[in-house]
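The values are calculated or read from the model by the stated rules, or taken from the named source; none is laboratory data. Computed from a predicted structure; not experimentally measured. Here Cβ is always computed from backbone atoms with ideal geometry, including for glycine, and neighbour counts include all displayed protein chains. SASA here: full protein model, heavy atoms, side chains in, ligands and nucleic acids out. Shrake-Rupley method; radii C 1.70, N 1.55, O 1.52, S 1.80 Å.
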Amino acid sequence: MSFLELRGIRKTYPGVLANDDISLHVEAGEIHGLVGENGAGKSTLMKLLYGMEQPDAGEIRLNGKRVMIANPQDAIRLGIGMVHQHFQLVPSLTVAENIALGAEPRYGPFLNRFRLRRQVQALSEQFGLQVDPNALVSDLPVGLQQRVEILKMLYRNARLLILDEPSAVLTPQEVESLFGVLRRLVAGGCTAIFITHKLYEIMALCTRATVLRRGRVVGTVQTVDTTPSEIARLMVGHEVEAPVITEAPADGRRRPRLEVRNLQITSGSRRATQIDLTVFGGEILGIAGVEGNGQQELVEALIGVADGVSGEVLLDGESITRVPTRTRRERGLALIPEDRQTEGLSKAMAIWENLSAGDYYQQAQGLGVLPLGQMRAMAAGLLNRFDIRATDERVGVGTLSGGNAQKVVIARELMRDPSVLVAVQPTRGLDIGAAGFVQEQLLRLRGAGVGVLLISADLDELLALSDRIAVLFNGRIVAQFPRAAATREQIGLAMAGKTMSENIL
Amino acid sequence: MKSLAPIIRTVLTILLALLVGGIIMQLSGKDALNAYGVLLNSAFGNPRAIANTLLTATPLIFTGLATLIAFRAGIFNVGVEGSLYVGAFAAAWVGFTFTGLPALPLIGLCFSAGALVGGLWGLIPGYLKARLRVDEIVTTIMLNYVAILFTDYLVTGPFFVPGMANAMSAQVAEQAQLPRLVERSQLNASFILALVSVIVVAWLLRRTTLGYEVKTIGSNPLFARWMGMPVARTILLVMFISGLLGGLAGAGQVLGVHYRFVSGFSRGLGFDGIVVALLGRNSPLGALLAALFLGALRNGSSTMEMFTQIPRDLIDIVIALVIFFVAVEISFGWLKRRTIAAATPEAEQKGQADGLA
Ligand SMILES: Nc1ncnc2c1ncn2[C@@H]1O[C@H](COP(=O)(O)OP(=O)(O)OP(=O)(O)O)[C@@H](O)[C@H]1O
Ligand SMILES: [Mg+2]
């Protein structure tokens, strides 16, 4: 008898069969991987299990007993916990308050802070999840925020842990420590379902993995008996080729396309930064760094939405420092922002509307009338070209799967043939096929003489794609390496703030 | 189907309000069925009743449109009432000053003046919000008082007409008075202008760059900024149009009903625009229907009072109930999320994070 058993689960959304006759066994004490292309139905299945959505057909059995999960409270009562890909913490509350939110120990009507602190401390010691219960969540790096999310599940006595793409936002070190935590939890009697697009993570962490394709289970594999490429083949239905990394074009074509000189941002309480860098045409400059070391400030200054900026930004030799955002984009600056939900998309609007956000005004005819039919047709073409899986271009972006939403951003930014592309974590949340596609696009742009600034916490991606790598620490570029000279160790040290002046170019 | 659901929900909500209103009437010893019968008859029973319903609805259509276009952009403009007053006075002033002009140019000039002044009035809080990031709710509420008291000062001071019992301006030239559409009713040509405005606003929101910008800024202002949309310019433009529609409402009342500016004449027509926008779910066509509905209740209740023992206050209670239930119904999705969130904070942002996880 399996610990968790799903039988014939089916879920439709208007026009979409998100889950189709899904059957799945999860044994007690295993970490079960769940993989599949963007839009394959992974998040949907987990939402059903967590009571956020109701299946149209099928049943869920826990320890052999059929259970009804009408809402997340039911799920919690049954010992099911879930960490969503986008953390759902209250930044202004402390760690302890977040962990207990809604289930606090009380003295009559009052919060029993003393007991709360003791409980949280005990919990974090029990599971080896060190985190200061009194720290404000807004002060914590993502890795620790995720720890808080996990503690939140454990505080509610979850025995089945669902993690939806937990590693997407983490640095490699943080991923390692997450794995350690999960292994300990499983050794302590928990069971976990782990969603990821990174197959080596499945190989390293999971005993078995189930592969979904277009809403259906195409197979469950033992990780010891298989290889990542075998899983990838199951996922997409054919062989997957890694993008071919080509060499940068000859130096003759290289001219500075984006120059940042002595850029300082000192707005409000934010970290002051001081950045100098140059991106040449036909190269990918990778920016490595732990999140929160000035990446967001740099991006805001480049696209022109930051206050309190001094210094100079040149695009193809011309200053754009005091130029509005729209003009920057018109001059060829394109941006894939880090947070697609807030900066990159408007969830309440249709796909075609989101795809038009950069050039709608250029299409306007007399009196500002928009050629809606033409815009929709163009959007439909982009859906095709960028393989965005959606019923059609009129559906709301908010109903897309995470990866498909990301592809909408990418399609919009790449269709205009930019002169400089700033890409922040461009493959976050994308399946291997789509990530490969985006990487190929970056390389294609590089080949066409575009300057690409790739900001990422994913060292592997940076090492694979970048021609040079600069390290951002504490608001400054502390080191730069040509790709040939860059090693993970050196970069890792620089990311931690250990300056090595001998390596600076 | 997608667009039908909110209509059905609104209708059900209204029926619920009418039911509760009926119970209240019954409890206060009135025959509710009879009252609603009389009400219906007074609102739609004969051509004149219908005309008066449309007449009552006319300013509500304008102010509803004025409010919803701002709402769509995420601007909570409570200042339509102020624009209505200054617009009304401007229209009246043109109407009693340029008495030598022939009818059409004069009427056009009156409406243009009302629209322009109302729009400029809306630009004040618009500028404060767009450039200085001052919250518009506070400024628009305060500016309403300024507009009401300032126009009152104008007709008691510089434009005082001796021999009048109330504070009011001189009458507008006869040729500036709008033609009536139905005999023995004050229903006038401004109703047609209101219908045209519905079409124009709907077209603006659906088909133009401005409408696109309004939608984007209203749904995700941060995204709009990162995409380089002219956010400040759009806020200014929207506040101008909102004020302009408020000014048209005022001008219509002056030229079509009162024929002069009367101090304090509106008594909240601008605020009623909020109800209309809410009830009409921020859509121009919805606002038209909502204004007609509210117009029918108001017009019906005043006639009803003349023929039955039922005070119109009871109908005001029904109107208040409608507003209350609609507001509750609209917040219900949000409420539901909150209740789930109380048990599981994860669900708090589910609505926002849906599908993007
Ligand atoms: N609320 C919704 N309304 C309509 N369609 C939806 C909704 N939520 C999900 N879908 C659709 O269901 C399908 C499965 O989506 P789901 O989010 O489960 O994919 P996923 O496997 O998690 O993908 P990703 O790896 O990109 O996160 C997609 O086609 C998506 O567009
Ligand atoms: Mg997902």
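Go through the range B:204-262 and count every residue that is within 30 Å of B:GLY95 (Cα to Cα) and in a loop (DSSP other than H, G, I, E, B).
Number satisfying all stated conditions: 3.
Given the range A:397-466, what helices (runs of 4 or more DSSP H) lie entirely inside it while holding 3 or more residues that are within 15 Å of ligand 1 (Cβ to nearest atom) and away from chain B (no Cβ under 14 Å)?
A:432-447
Collect the residues in the range A:112-149 that are within 14 Å of chain B (Cβ to nearest Cβ) and acidic (Asp, Glu), keeping them in residue-number order.
Selection gives A:GLU149 alone.
So if I check each of A:VAL67, A:VAL131, which one is more than 30 Å from A:ILE22 (Cα to Cα), surrounded by 14 or more Cβ atoms within 10 Å (Cβ to Cβ) and away from ligand 2 (no atom under 16 Å from the Cβ)?
One residue alone meets the criteria, A:VAL131.
Suppose we filter the range B:135-181 for residues that are open to solvent by 50 Å² or more (accessible area, probe 1.4 Å) and assigned to a loop (DSSP other than H, G, I, E, B); how many remain?
12
Somewhere in the range A:159-171, is a residue within 19 Å of A:GLU104 (Cβ to Cβ) and open to solvent by less than 20 Å² (accessible area, probe 1.4 Å)?
There is no residue in the range A:159-171 that is within 19 Å of A:GLU104 (Cβ to Cβ) and open to solvent by less than 20 Å² (accessible area, probe 1.4 Å).
Pairs please, first residue from the range A:396-425 and over 18 Å from A:MET349 (Cβ atoms), second anywhere and assigned to a loop (DSSP other than H, G, I, E, B) and within 8 Å of ligand 1 (Cβ to nearest atom), Cβ atoms under 7 Å, 6+ apart in sequence or on different chains.
Filtered contacts from the range A:396-425: A:GLY403/A:ASN38; A:GLY403/A:GLY39; A:GLY403/A:GLY429; A:GLY403/A:LEU430; A:GLY403/A:ASP431.
If A:ALA168 passes every condition in (1) part of a loop (DSSP other than H, G, I, E, B); (2) away from ligand 2 (no atom under 16 Å from the Cβ) but one, which one does it miss?
Of the numbered conditions (1) part of a loop (DSSP other than H, G, I, E, B); (2) away from ligand 2 (no atom under 16 Å from the Cβ), the odd one out for A:ALA168 is (2).
Scan (1) at pLDDT 85 or above; (2) out of contact with any Ser or Thr (no Cβ under 9 Å at 6 or more places or on another chain); (3) surrounded by fewer than 22 Cβ atoms within 10 Å (Cβ to Cβ) for the single condition A:GLY81 breaks and write down its number.
(3)
Every residue in the range A:93-111 that is within 13 Å of chain B (Cβ to nearest Cβ) and in a loop (DSSP other than H, G, I, E, B), please.
Listed by number, the residues that qualify are A:LEU93, A:LEU101, A:GLY102, A:ALA103, A:GLU104.
With the requirement that a residue be in contact with a helix residue (DSSP H, G or I) (Cβ under 8 Å, 6 or more places away or on another chain) and open to solvent by less than 30 Å² (accessible area, probe 1.4 Å), what does the range A:172-189 give you?
Selection gives A:VAL175, A:LEU178, A:PHE179, A:VAL181, A:LEU182, A:LEU185.
Yes or no: A:ALA158 away from ligand 2 (no atom under 16 Å from the Cβ), within 14 Å of chain B (Cβ to nearest Cβ), among the small types (Gly, Ala, Ser) and not in a helix (DSSP H, G or I)? Write out each step before concluding.
Numbers: away from ligand 2 (no atom under 16 Å from the Cβ): yes; within 14 Å of chain B (Cβ to nearest Cβ): yes; among the small types (Gly, Ala, Ser): yes; not in a helix (DSSP H, G or I): yes.
Spelling it out, A:ALA158 is indeed away from ligand 2 (no atom under 16 Å from the Cβ), within 14 Å of chain B (Cβ to nearest Cβ), among the small types (Gly, Ala, Ser) and not in a helix (DSSP H, G or I).
Out of B:GLY351, B:GLY252, I need the residue that is touching a helix residue (DSSP H, G or I) at 6+ places or on another chain (Cβ under 7 Å) and either at pLDDT below 75 or within 14 Å of chain A (Cβ to nearest Cβ) (or both). Which one?
The match here is B:GLY351.
Please work out which one of (1) in contact with a helix residue (DSSP H, G or I) (Cβ under 9 Å, 6 or more places away or on another chain); (2) without any contact (Cβ under 8 Å) to a residue 40 or more places away in the chain; (3) open to solvent by 50 Å² or more (accessible area, probe 1.4 Å) is the condition A:ASN384 fails and give its number.
(1)
Take the residues in the range B:13-48 that are out of contact with any Phe, Trp or Tyr (no Cβ under 7 Å at 6 or more places or on another chain) and within 18 Å of B:LEU288 (Cα to Cα), then tell me which one is surrounded by the most Cβ atoms within 10 Å (Cβ to Cβ).
Among those that are out of contact with any Phe, Trp or Tyr (no Cβ under 7 Å at 6 or more places or on another chain) and within 18 Å of B:LEU288 (Cα to Cα), it is B:ALA43.
Only one of (1) under 19 Å from B:GLY64 (Cα atoms); (2) surrounded by 24 or more Cβ atoms within 10 Å (Cβ to Cβ); (3) not hydrophobic (A, V, I, L, M, F, W, C) is not met by B:ARG267, so which one is it?
(2)
Is it fair to say A:GLU338 is open to solvent by 10 Å² or more (accessible area, probe 1.4 Å), modelled with pLDDT of 90 or more, within 14 Å of chain B (Cβ to nearest Cβ) and within 23 Å of the chain's Cα centre (by Cα)?
It is false that A:GLU338 is open to solvent by 10 Å² or more (accessible area, probe 1.4 Å), modelled with pLDDT of 90 or more, within 14 Å of chain B (Cβ to nearest Cβ) and within 23 Å of the chain's Cα centre (by Cα).
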